[in-house]
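Notes follow once the structure below has been shown.
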Amino acid sequence: MTQRRELDNYSDEIQSLKKRHAQEVDEYEAGLRKKDREMRELREDLRVAQSDLERERETVTSLRATISSQSTAQLTLATQKNVLQAQCDAVQASLDAATATISQLQLDLESSRKRIAELEQDAREAEGVRRKLHNMVQELKGNIRVFCRVRPILPKEATASIAYPDRRDHKEIVLSSSSESATGQERKEVWNFSFDRVFEPDSTQAEVFEEVSQLAQSCVDGYNVCIFAYGQTGSGKSFTMEGGPTESTAGMIPRAVEQVFSVAEELKSKGWEYKMEGQFLEIYNETINDLLGKDEFDKKKHEIKHDKSGTRVTDIVTIPLRSATQVRSLLAIAQSRRTVAATLMNERSSRSHSVFTLKIQGNNTHTGETCDGSLNLVDLAGSERLKESGAANDKDRLKETQSINKSLSALGDVIAALGEKGEKGEKHIPYRNSKLTYLLQNSLSGNSKTLMILNVSPLAVHLGESLCSLRFATKVNNTTIGTAKKQTRSAS
Ligand SMILES: Nc1ncnc2c1ncn2[C@@H]1O[C@H](COP(=O)(O)OP(=O)(O)OP(=O)(O)O)[C@@H](O)[C@H]1O
Ligand SMILES: [Mg+2]
């Protein structure tokens, strides 16, 4: 029994051992499976790691390649940089040199500018001095001056006895006539006259203009200038003022205008800019006609107005002048208008006064100075006396001659009164006595200069008329002495 029990016990023990063993085997197998799984996982991990490693290696290889190429590039760049730096240094050096040159040039420029300004200032001052001196010379010569010009003899004309004794200064003219007295004795009469200048028959337009040109200069300087041609019909007034068609026969009007233009051009460099305009009118029987007008001649009424801006004629055509040559066409227009009028009234141009006016306005852009001048060139009507013109019986002719006489004597009176004013101070000047003097009022007073060219006929038949003209001109010329004296006195 005991054995049996022992056997049973052993059997139980074996049974439990077997159970435990089976359990341990199970556990072991489970552990084995787990290990197996873990190993598989590790293997997978390893594989992944290996492939990662492989990739990384590739990356490293490519990076190494990149690095090596980059370092080559960097080397090249460094070399290039060095070259550029060297170039840059060179450029900087030349820039520095250029800057230095520029500042030197600026200094030079500045001093040159100063010098130019000084020179310009000098030139302007010199121009001012020139103006003053020119005016002084003009005033010493007299603000009213008279020239006498004897025209040449035309074919088949009988000449009067005229002598020119002053061979040096050309200031004298002597007329003489011889006649038989009742007792059969020869009687010789001699008349002496002297003027600022006497031009003999062979004088040229250029010679006459040489004396006139200084007045053209004055009008550019801002003075009012009047030049009159006085004399009997056929004595050469129109020839003197307008002249012929050729260069050498051109008269005072075209020459003066040309001179004014060239002086204005010269003064441009001294800062002067000029504006010029011209008008051309006729005074016939105390009425004004526009010689440059477009409408029918004689139809428009023109009035003379004086105001602050100067003298103005209403409704008159004023033409801006841009060149000296333009004046020739203006003279031609005036001529053709007069020719039309001449068919209505004979010898129109010798029975009327024609007044060409050139107005000059200048301003100096540097100094701000301005000046206003005018040049009046007047071709007066024939000065012959009534009986000479054979007009006493003709009503129209009588009226013409009376208006001419009236205006010419008004002109003489004005000039004489101006001379007396010069000597005695304030005096009434009778400008209003004729259209001519009223029109030229501003140009016959104050800042004005007057020249009368007395045209004389050389003919024997005109001796009486010539003497009249010479006496009239002498009256005007005496005025000169007054003015000239005044200047000498104020100068001393
Ligand atoms: N210096 C001169 N040289 C040459 N010819 C001249 C000169 N002066 C005048 N003549 C001639 O004499 C003639 C008369 O001159 P002009 O017509 O100028 O006189 P005028 O004084 O104007 O006369 P009017 O009062 O009739 O107008 C013209 O044929 C002109 O060409
Ligand atoms: Mg004439």
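Data overview
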{"read-out": "Region 141-491, accessible area per residue, ligands and nucleic acids excluded (1.4 Å, Å²)", "value": "47 Å²"}
{"read-out": "Cα lying deepest toward the dipole's positive end in the chain, options 408, 325, 204, charges on Cβ", "value": "408"}
{"read-out": "Segment residue 309-residue 204, length gained on full extension (0.36 nm per residue, minus Cα span)", "value": "34.0 nm"}
{"read-out": "Amide H within-cut-off set for residue 196, under 5 Å, with H built and near neighbours excluded", "value": "146"}
{"read-out": "Whole-Hz ³J(HN,Hα) from phi, Karplus 6.51 cos²θ - 1.76 cosθ + 1.60, for region 16-27, glycine and proline x", "value": "5, 4, 3, 4, 5, 4, 4, 4, 5, 4, 4, 4"}
{"read-out": "FRET E, pair residue 102, residue 318, Förster distance 51 Å, beta-carbon r, rounded to 0.05", "value": "0.45"}
{"read-out": "Of 301/359; 156/399; 188/237, those spanning more than 26 Å from alpha-carbon to alpha-carbon", "value": "156/399; 188/237"}
{"read-out": "Helix-only CD estimate at 222 nm, as mean residue ellipticity for the chain, using -39500 (n - 2.57) per DSSP H run (n ≥ 4)", "value": "-19000 deg cm²/dmol"}
{"read-out": "Packing-based ranking, highest mean first, of 372-378, 462-468 given that Cβ atoms within 10 Å are counted", "value": "372-378, 462-468"}
{"read-out": "Sequence ranges 87-97, 240-250, ranked by mean other-Cβ count within 10 angstrom, highest first", "value": "240-250, 87-97"}
{"read-out": "Residues residue 432 and residue 301, FRET efficiency given R0 of 25 Å [Cβ-Cβ distance, rounded to 0.05]", "value": "0.85"}
{"read-out": "Extension reserve of the residue 85-residue 405 stretch, reckoned as 0.36 nm per residue once the Cα distance is removed", "value": "105.2 nm"}
{"read-out": "Approximate spin-label separation residue 112-residue 19, in nm, with each point projected 7 Å along Cα-to-Cβ", "value": "12.9 nm"}
{"read-out": "Contour minus Cα-Cα distance for residue 29 and residue 329 (0.36 nm per residue)", "value": "94.0 nm"}
{"read-out": "Relative packing of peptides 356-366, 254-264, 317-327 - highest average C-beta neighbours within 10 Å first", "value": "254-264, 356-366, 317-327"}
{"read-out": "Where a label projected 7 Å from the Cα of residue 65 along Cα→Cβ would reach, residues of region 27-54 with amide N under 20 Å", "value": "52-54"}
{"read-out": "Radius 13 Å from Cβ of residue 179, net charge of other residues (Lys, Arg +1; Asp, Glu -1)", "value": "-1"}
{"read-out": "Heavy atoms of residue 18 accessible to a 1.4 Å probe, total area in Å² rounded to 10", "value": "130 Å²"}
{"read-out": "Proximal lysines relative to residue 18, as straight alpha-carbon distance under 28 Å, when same-chain residues fewer than 8 apart are discounted", "value": "34, 35"}
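The values are calculated or read from the model by the stated rules, or taken from the named source; none is laboratory data. Note that the structure is predicted; figures quoted are calculated from it, not measured. All Cβ positions, even for glycine, are placed from backbone atoms using ideal geometry, and neighbour counts span all protein chains on display. Areas reflect the complete protein model, heavy atoms only, side chains present, ligands, DNA and RNA absent. Shrake-Rupley method; radii C 1.70, N 1.55, O 1.52, S 1.80 Å.
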